[in-house]
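The values are calculated or read from the model by the stated rules, or taken from the named source; none is laboratory data. This is a predicted model, so every value here is computed, not measured. All Cβ positions, glycine included, derive from the backbone under ideal geometry; neighbour counts span all protein chains shown. These accessible areas exclude ligands, DNA and RNA; they are computed on the full protein's heavy atoms, side chains included. Shrake-Rupley method; radii C 1.70, N 1.55, O 1.52, S 1.80 Å.
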Amino acid sequence: MIDQTTRFNLAMRVLHWSMALLIFAMIFAGLAMVRALEPWQLTLLGLHKSFGVLALLLFLLRFLIRIKSSTPSLPSGMSTIQVKLAKFSHWLLYALMLIIPTSGLLMQYYAARPIVVFDFFTIPAAMVPHIEYFAVFREGHSLAILLLITVLAVHIGAALYHHFIRKDGVLKSML
């Protein structure tokens, strides 16, 4: 049987756009937090941590759905290198959606700062800080976010290129 899927399933589309909004909000919140020492920073930091846990849970759900779902084929006019780059960039996005919240959790763990998730539950932390580990995960978190911003810019640029230049339905498959 030939797969004639032209759109991602509803769950994938909802998770894609929900996580896109969440990721952009998290990036802007993170940038605001590191640039200011204002009274609102601690509130934003608490929300950032809670939404980071939510992002990790949504990623796990999204990944499970992704590996069990059929997906639309890429346009036949794409070169082999374009297909390989597209697949690589998507898997890199998935890796970053796992690495970034995990590094954030580990950063807080080694800072001996428990994470209170929306006042529903608390993720425990180390009993004493381990500043070296904290520094490694903080640096990793920051570098992964910079890579994410770069890959997202390419991802969005490619989607717009396919929609406005090639007019091949790639963007419509996620709408």
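For this structure, a couple of remarks:
- Boolean, V116 is farther than 21 Å from T6 by Cα, touching a strand residue (DSSP E or B) at 6+ places or on another chain (Cβ under 7 Å) and aliphatic (A, V, I, L, M): yes
- Complete set of residues in region 111-136 that are part of a helix (DSSP H, G or I) and either open to solvent by 50 Å² or more (accessible area, probe 1.4 Å) or free of Cβ contacts under 8 Å to residues at least 12 places away in the same chain (or both): I131, E132, Y133, A135, V136
- Single residue of region 8-67 satisfying the filter (among the hydroxyl-bearing types (S, T, Y) and free of Cβ contacts under 8 Å to residues at least 60 places away in the same chain) that is nearest to A144 (Cα to Cα): S18
- Contacts under 7 angstrom Cβ, first residue in region 148-169 being closer than 30 Å to G30 by Cα and without any contact (Cβ under 8 Å) to a residue 40 or more places away in the chain, partner assigned to a helix (DSSP H, G or I) and not hydroxyl-bearing (S, T, Y), 6 or more apart: A159/L171
- Some residue of region 92-115 being over 22 Å from the mean Cα position of the chain (by Cα) and under 26 Å from W17 (Cα atoms): no
- Filter result for R7 (of a type in the set (D, E, K, R), more than 13 Å from the chain's Cα centre (by Cα), surrounded by 14 or more Cβ atoms within 10 Å (Cβ to Cβ) and not in a helix (DSSP H, G or I)): yes
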